[in-house]
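Trainee: Take this structure first; my questions come after.
The values are calculated or read from the model by the stated rules, or taken from the named source; none is laboratory data. It should be emphasised that the depicted structure is a prediction, and the values quoted were computed from it without experimental measurement. Counting neighbours? That spans all protein chains shown, and the Cβs are built from the backbone with ideal geometry, glycine included.
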Amino acid sequence: MTGQDLKQARLAKHWTQQDAAKFLGLSQTYVSLLEANYRPVPDKLVPKFLRAFQVPPTALPLRSSETAAPIKPDRYAKYLGALGYPAFSYLKGRIDRNPADLLLDALRQPDLDSRVAEGLPWLALAYPDMNWDWLVKNAKLNDLQNRLGFVVTLARRVAEKTDDHEKLPVLARYETLLERSRLAREDTFCRESLTETEKRWLRKTRPRDARRWNLLTDLSPHQLTYAR
């Protein structure tokens, strides 16, 4: 979140800097410095800003993949639930992760719970305004463009099936961009623990989209409950 984001959110709420300072427990001078980008917006204050100004999760800070601590496996479902994923809506929690950051971190995992993996295309659908340039760049740096491309393809197919014409252009654009850097090497969709027998079976039976992205997985749009 930048100072400009903070200022725009405050103005949209028709608050003065004094109003914002009182609600947030800060001084008016400090709020002014934040909005002018003379001070960085502290990460620990971002969730409070989100609640105060109803700023979308896409405004949350994006972490450096080199320095960020990995998310614990049992936290992915909670983060997805907090962001609104229907399958985990029963898991309550505050929104404190950027969808793009969460998606990249999940794609980096060698083994991911299948229910969480099914929710990754939903992130692309639910937050089409996420920072795609950052996401694509970091996916390439980590050789994850095939996994991300597969996620975007599934999201696009769901958008087509549900006639979501507003999101289709964004998904199609980044699917094409990722296609240009598609890796020829074989990979899995966050299931590196597959046995050789399972891998041989998937090479023969995997869906067309998985074959296109050189991934060993049986995940398809038909399995995504939010596509129905």
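Trainee: Could you check, for segment 124-142, whether at least one of its residues is assigned by TED's automatic domain parsing to the domain that holds residue 216, within 18 Å of residue 209 (Cβ to Cβ) and more than 14 Å from the chain's Cα centre (by Cα)?
Mentor: Checked segment 124-142: no residue is assigned by TED's automatic domain parsing to the domain that holds residue 216, within 18 Å of residue 209 (Cβ to Cβ) and more than 14 Å from the chain's Cα centre (by Cα).
Trainee: Is there a residue in segment 182-193 that is under 21 Å from the mean Cα position of the chain (by Cα) and among the aliphatic types (A, V, I, L, M)?
Mentor: No, because not a single residue in segment 182-193 is under 21 Å from the mean Cα position of the chain (by Cα) and among the aliphatic types (A, V, I, L, M).
Trainee: Being in contact with a helix residue (DSSP H, G or I) (Cβ under 6 Å, 6 or more places away or on another chain) and not hydrophobic (A, V, I, L, M, F, W, C) is the filter here, so list the residues in segment 116-141 that pass it.
Mentor: Listed by number, the residues that qualify are 119, 121, 127, 128, 129, 131, 138.
Trainee: Suppose the filter is touching a helix residue (DSSP H, G or I) at 6+ places or on another chain (Cβ under 8 Å) and among the charged types (D, E, K, R); does residue 113 pass it?
Mentor: Values: touching a helix residue (DSSP H, G or I) at 6+ places or on another chain (Cβ under 8 Å): yes; among the charged types (D, E, K, R): yes.
Answer is yes for this residue.
Trainee: Turning to a different aspect of this structure: Would you point out which residue out of 30, 79, 38 is out of contact with any Phe, Trp or Tyr (no Cβ under 7 Å at 6 or more places or on another chain), over 14 Å from residue 3 (Cα atoms) and of a type in the set (Phe, Trp, Tyr)?
Mentor: 79
Trainee: What's the number of the only condition in (1) closer than 25 Å to residue 131 by Cβ; (2) assigned to a loop (DSSP other than H, G, I, E, B); (3) charged (D, E, K, R) that residue 92 fails to meet?
Mentor: Evaluating residue 92 over (1) closer than 25 Å to residue 131 by Cβ; (2) assigned to a loop (DSSP other than H, G, I, E, B); (3) charged (D, E, K, R) leaves (1) as the failure.
Residue by residue, here is whether (1) crowded, with 16+ Cβ neighbours inside 10 Å; (2) more than 30 Å from residue 17 (Cα to Cα); (3) of a type in the set (S, T, N, Q) holds:
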{"site": "40", "(1), (2), (3)": "no, no, no"}
{"site": "44", "(1), (2), (3)": "no, no, no"}
{"site": "78", "(1), (2), (3)": "yes, yes, no"}
{"site": "82", "(1), (2), (3)": "yes, no, no"}
{"site": "87", "(1), (2), (3)": "yes, yes, no"}
{"site": "108", "(1), (2), (3)": "yes, yes, no"}
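Trainee: Would segment 195-203 turn up any residue that is over 20 Å from the mean Cα position of the chain (by Cα), among the β-branched types (Val, Ile, Thr) and at pLDDT 95 or above? Spell out how you get there, then give the answer.
Mentor: Here is the first cut: in segment 195-203, the residues over 20 Å from the mean Cα position of the chain (by Cα) are 195-203.
Filter once more, keeping what is among the β-branched types (Val, Ile, Thr): 195, 197.
Add one more test, that the residue is at pLDDT 95 or above, and what stays is 195, 197.
Yes, segment 195-203 contains at least one residue that is over 20 Å from the mean Cα position of the chain (by Cα), among the β-branched types (Val, Ile, Thr) and at pLDDT 95 or above.
Trainee: Report yes if some residue within segment 40-59 is in contact (Cβ under 8 Å) with a residue 60 or more places away in the chain and polar (S, T, N, Q); otherwise report no.
Mentor: yes
Trainee: List pairs: first in segment 182-194 and closer than 19 Å to residue 152 by Cβ, second buried (at least 16 other Cβ atoms within 10 Å of the Cβ) and among the charged types (D, E, K, R), Cβ under 8 Å, 6+ apart or cross-chain?
Mentor: Correct list of pairs: 187/147; 189/147; 190/147.
Trainee: Something else: Assuming residue 95 fulfils every condition listed in (1) modelled with pLDDT under 95; (2) over 18 Å from residue 226 (Cβ atoms); (3) hydrophobic (A, V, I, L, M, F, W, C); (4) loosely packed, with under 15 Cβ neighbours inside 10 Å apart from one, which condition is it?
Mentor: The number of the failed condition is (4).
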